[in-house]
Amino acid sequence: MRRTTIGRSVAALSALAMLAACSTDESLDEPATESAAEGADEGAEEGEGSDDGAEAGSDDEWFDQSEYDEQDEQRSATFEGDPEQPYLQYIDGEMTDTSEFASDGAKKVCFSNASIDNPWRQTGWITMNQQLQVLQDDGVISEMETRDAQADDNTQIADIDYFISEGNCDAFVISPNSTAALTPAVERACDTGLPVVVFDRGVETDCPTTFIHPIGGYAWGIDTAEFLVENLEEGDKVVALRILPGVDVLEHRWAAAERIFEENGIEAVDFFTGADPTEIKNFISDELATGEIQGVWMDAGDGAVAAIEAFEDAGQDYPVMTGEDEMSFLRKWDDTGLTGLAPVYSNFQWRTPLLAVEQIFAGEEVPTEWVLPQVPITEDERADFLEANDGMPDGHYAKFGGEDLPGYPDVWQERVIP
Amino acid sequence: MTTADATTTRGATLPMSEGGTAARLGRTLRTPGGAVFVLVAVLLVGVVAANPSFGEPGSLIRFIGRTAPIAIAAMGQYFVIVSGEFDLSMGSVVTMQVVIAGNFIGQDESRILPVMLLMLVLGALVGVVNGLATTMLKVPSFIVTLGTMLALSGLVLYLTGGAATGNPVDSFRQIGRGGIEGVPVLDVIPYPAIILLVLAVAAVWLMRRPFGRTLVAVGDNPQAVHLSGSATWWLKTRAFVLSSLAATVAGIILVGYAGVHPSVGQGYEFTAITAVVVGGVVLGGGRGWVLSAAAGAFALELLFTLLNFVGVASTWRDTVQGVIIIVAVAIGARAWQGGRRRRNTEPTTPGAEPRHTGSAPTTPPDPGTT
Amino acid sequence: MNALARLRPTQLTSTGIVYLVLVLVLVLGAVITAASGRNFFSGGNISAILTGTSILGFIAIGQTLVILAGSLDLSVPYVASLASLLGGVTMAGQTGNIPLAVVTALGVAALIGLVNGLVVAYLHVHGFIATLGMGLILAGYLGTTYKGSAGSAPRDFRLIGALNIGPVPLSTIIMLGCAVLVILLLRRTRIGHHLYAVGGNKDVARLSGVRTQPPVVLAHVLCSVLAGMAGLLLLARLSVGSPTIGTQGGYDLMSIAAVVLGGTVLAGGKGNILGTLGGVAIFAVMDNVMSVMQLNAFLQDVVRGLVIVIAVAVYARRNADLRPARFERSGAARHTPAPTTAGGAA
């Protein structure tokens, strides 16, 4: 019996080797011979090697001290522009000259969206479409063609390539699904010579005309962790509720917070919830069964209510807690009166890309890295935001920044997803 | 753990009637459907060892309450699996019901009953669609329910713009969150625990009726049932309806327990199927007890709790879970094998291939199908 | 549908129907695309569609083998992610490291497949559970070890993902090359025949003297290797390895859907690679058209769900009608309603 098994395994392995050969032969030899011929067409690919090498080195140590320090500073920076229009504010810095793009007439924008798979993105997507309507009425934009990658890097790369070859676009707006993976595709978009606007998550190239984003994940981590540290004592226990591993924007938030907890002697236990309130509640209940919890930290506010309710159901005191500017958290925070903070990953950034396109075609210079304000909502400001967003659904984000757009408030209240 | 104890003894009376009580119990526990109760007991001991306060009656009953939705879903999934099918749409049904509760009930108490009725009707409808597409259109249930899973969740998200309106009125949420207060010893009996008990009794009753016996028979050998004249399509469709209704009840409880969020229910189908399989029910049908499926759910929840108490690093939890599921099911497969060797000397290797056509088509389902 | 009905009497194979459906989808796609003011058959669009087929194609070929053998593989997304990371980290941007990286990634993938296969074949754990568990095991490892993308593919390796020969991406050609190898394996080798036999009816196969385990193990190993190749291709396209890239694509369920859409019987024993390629192509065209139409992402899922069920219903009905009588008794499906069951009933 044994022997025949081995015989079969050998057969299996040889078939396997055949397959392996199929991949190695073609992956090594063919490109090597053809690369010379195709090299010219593949201009986008050139000059990346060195960047990639550097980035590979930093992967062992996720935490990036220089980014951390930069974002720490930006938290207290002065922002240019009208505070009434935070979506147009920016930190003074390098500007991109866009005079070459100055031209009249309505333009076609091609928008490659990572996904609309969470309430934050859905809210922003509604806001963006409202902004689009305004710009269409003003004759700035003729149409916006959108491709939704459904949270798949590979699909988004194909989407961008499709736009480049088939889209007849005048400008690209890209919200990358992930940072490193989308870099080559964004570079190809830049190579068309058309303006490229990147927002939310970044890419590892400075080729885009402007890269729009709130300060960032480290700032989120610093704001929240410092708040918890201030309101807790050394040796207290914080439960950190995280959505999922391996997503850089979320890992940054935790990397900063974890470090600050460590430095200040706060005991932190982290857990992946998939943003599922059932998981959140189960986990907190179990943690409460093993001992007291003084603080709750979240890398995104979805499901904050379930976390708070777990304390209620266990008959324990409310923790010090950081959630997000999502309405469900703000409301529950208000109801319970717990000590809390609502960090903000500014949802109003979804307005900025199309406004940037307007500025670019007007030939006005735009910030090369357009850093938008990212200011947490404190207890004192909470009432104002609750009032301003009265009637909005729980999954709405308080700092969505669309109060002056035509559909306000109905389209957000009814959550009309285009 | 009253339900569990009750089953162990009941199970013992069923499979083989010869021998003393202890011997019979021992034999039962060696079948996968019985072994899961041992697994639950072992895990319970582990959890209590890791955190003694968990062993207090108040904690235990709360734990039963919180496990109720997944246990109910597992019992629903059991009906489908034992008849030889899969229901992957369960998670989407849970999400759909959670969202309907949030959006339609809102803060208006008078709407609770009509909306609950609507939820049950919609749940049953999904089951009917799944069942008819599987039986009438002859599409594998894995594919049918994968299709309903995609279509349902897409539709719900589209119609509700991300399903984020907010929690329904608190009195409705009490079903999943509240309980009978002031009970001696236990302190509180969560409503979900009561619902679970009622549904477990109903499920056992159902499996002892001709419906249940034929359902297992159809899973064991579709031809046999067909030849005997029962309408397979109607049997299986009812199984799918039961599964969707179980998902509906789980959804109602989860709205209370966790609140409204589009990710409630995500992955529920896999958890439920895993629970059923850990409960010793054979994928492919024809074998297993409904209460073992519920016990499988308890085993999984206890495992998660144990991981929490022991403080396994967050990123390694999935790995530990994966290993334990495979090991548990592998042991279960051995047990079936052992169990069947005694009855049937035919040189088959069951488990991976549950239905061996060698047995007479008229073989009644395993006695222990309740 | 009329065309279908007319063709039915002329012994059209199930693969024939798959391609007929594909042609229908193509025509429909071309019309809709034209209505949106685009050219469906332009180089860029064809390249986009073919690119869409290559990754799912690799995984679906492997999944076909596993399904033919009567099992399932739900761990493929995690294998693909792991392979992309192992490949990327080993390459570290150096062309000279490519062979080592490919061998490492595919070797580890093969090992994972071996474990899957052994657990299914010898421990008698259903493929659904064995690979679900394996997926969890890998998910934990990926989450612990990689906190985001890692490694980097050198330019030469990235060309696999970027190079087009005419409108045909190189990646698609490699995928088709692997498909040909697997087809040869299934048609020309003994173990390939045994794979069908074991998947069709394990007991009959055993009684005819076929050792039932090796084909199952082989199918799992090859499936994992092909998932590993999909991971390497993803690495070539992304230029970095990513711990979530496999799950992002939802390749586990979508590959199973593509296989069944391609006419392979989910219970095993009946089906072929050509059909699977047709199923993958149907998905790719559908996705392409829905993107051109700018259909809401949620509604895209609704359409996918409906198409899967309706298309499979078309084949299943036909299978039930045309199934030769000798399969009446023995073809009892394991986890599906045997479409064979006394055919005329419905």
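What number results when the radius of gyration of the protein assembly as shown, computed over Cα atoms, is divided by 2.2 N^0.38 Å?
0.91
Quote the FRET efficiency, to the nearest 0.05, computed for residue B:198 versus residue A:334 with a Förster distance R0 of 35 Å and r equal to the Cβ-Cβ distance.
For R0 = 35 Å, the calculated efficiency reads 0.40.
Taking the Cα-to-Cβ direction at residue B:187 and at residue A:82 and moving 7 Å from each Cα, how far apart do the two end points lie in nm?
Using points 7 Å along Cα→Cβ, the separation is 5.7 nm.
What do you get when you divide the Cα radius of gyration of segment B:138-282 by 2.2 N^0.38 Å, with N the number of residues?
Cα-based Rg divided by the globular estimate yields 1.27.
Using only the Cα atoms of segment B:32-343, what are the Rg and Dmax in Å?
Looking at segment B:32-343, its Cα Rg and Dmax stand at 19.3, 60 Å.
Pop a pseudo-label 7 angstrom from the Cα along the beta-carbon direction at both residue B:50 and residue C:39 and give the gap in nm to one decimal.
Distance between label points: 6.3 nm.
What ranking, highest mean first, results for peptides A:205-211, A:111-117, A:80-86 when packing means the other Cβ atoms within 10 Å averaged over each residue?
Result, highest mean first: A:111-117, A:205-211, A:80-86.
Going down the table (B:138/C:270; A:399/C:147; B:138/B:236), which pairs top 21 Å between alpha carbons?
Where the Cα-Cα span goes over 21 Å, the pairs concerned are A:399/C:147.
Find the Rg to Rh ratio for segment A:217-341, where Rh is the Kirkwood radius over alpha-carbon pairs and Rg uses the same atoms.
With Rg and the Kirkwood Rh in hand, the quotient comes to 0.92.
Suppose we take every Cα in segment B:69-196 and form the convex hull; what volume per residue is that in Å³?
Expressed per residue, the convex hull around the Cα atoms of segment B:69-196 is 110 Å³.
Which number comes out as Rg/Rh for chain A once both Rg and the Kirkwood Rh are worked out on C-alpha atoms?
Taking Rh as the inverse mean 1/r over Cα pairs, Rg/Rh reads 1.03.
What's the percent breakdown of Cα-Cα distances in chain C across 20 Å bins, shortest bin first?
All Cα pairs considered, the percentages come to 31, 57, 12, 0.
For residue B:209 and residue B:180, calculate 0.36 nm times their separation in residues minus their Cα-Cα distance, and state this gained length in nm to one decimal.
That works out to 7.2 nm of additional length.
Output needed for segment A:363-418: three equivalent-ellipsoid semi-axes, defined as square roots of 5 times the C-alpha gyration tensor eigenvalues, in descending order, whole Å.
Result for segment A:363-418: semi-axes of 25, 19, 10 Å.
Please list, by residue number, every one of the GluC sites (Glu not before Pro) in segment A:287-352 that is coil in DSSP and has at most 16 other beta-carbon atoms within 10 Å.
A:292
Given labels modelled 7 Å from the Cα in the Cβ direction, how far is it in nm from residue A:381 to residue C:168?
Each label point lies 7 Å from its Cα, and together they span 5.9 nm.
I'd like the per residue volume of the convex hull spanned by the Cα atoms of segment A:305-418, given in cubic angstrom.
Dividing the Cα hull volume of segment A:305-418 by its residues yields 127 Å³.
When the Kirkwood hydrodynamic radius is evaluated over all pairs of different C-alpha atoms of segment A:165-293, what value in angstrom, to one decimal, is obtained?
17.1
Suppose we take every Cα in segment A:190-242 and form the convex hull; what volume per residue is that in Å³?
97
Under 20 Å from a point 7 Å along the Cα-to-Cβ line of residue A:192: which residues of segment C:275-290 have their amide N that close?
Answer for segment C:275-290: C:288-290.
According to the Cα gyration tensor, what semi-axes, each the square root of 5 times an eigenvalue, does the equivalent ellipsoid of segment A:287-371 have, listed from largest to smallest in whole Å?
That gives 40, 12, 9 Å for the three semi-axes.
Using a cut-off of under 20 Å, list every residue of segment B:98-129 whose amide N is near the label point 7 Å from the Cα of residue C:306 along the Cα-to-beta-carbon line.
It comes to B:122-123, B:125-129, nothing else.
Translational diffusion coefficient of segment A:76-234 at 20 °C, 1.002 mPa s, Stokes-Einstein with Kirkwood Rh over Cα pairs, in µm²/s as a whole number.
124
Using DSSP to call loops (not H, G, I, E or B), can you name the GluC sites (Glu not before Pro) in segment A:113-218 whose Cβ has at most 15 other Cβ atoms within 10 angstrom?
Filter output for segment A:113-218: empty list.
Cα-based Rg of segment C:128-233 per 2.2 N^0.38 Å, rounded to two decimals?
Dividing the Cα radius of gyration by 2.2 N^0.38 Å gives 1.42.
Where a number appears in this text, it was derived from the coordinates with a stated rule and is not lab data. Quantities reported herein were computed from a predicted structural model and do not represent experimental measurements. All Cβ positions, even for glycine, are placed from backbone atoms using ideal geometry, and neighbour counts span all protein chains on display.
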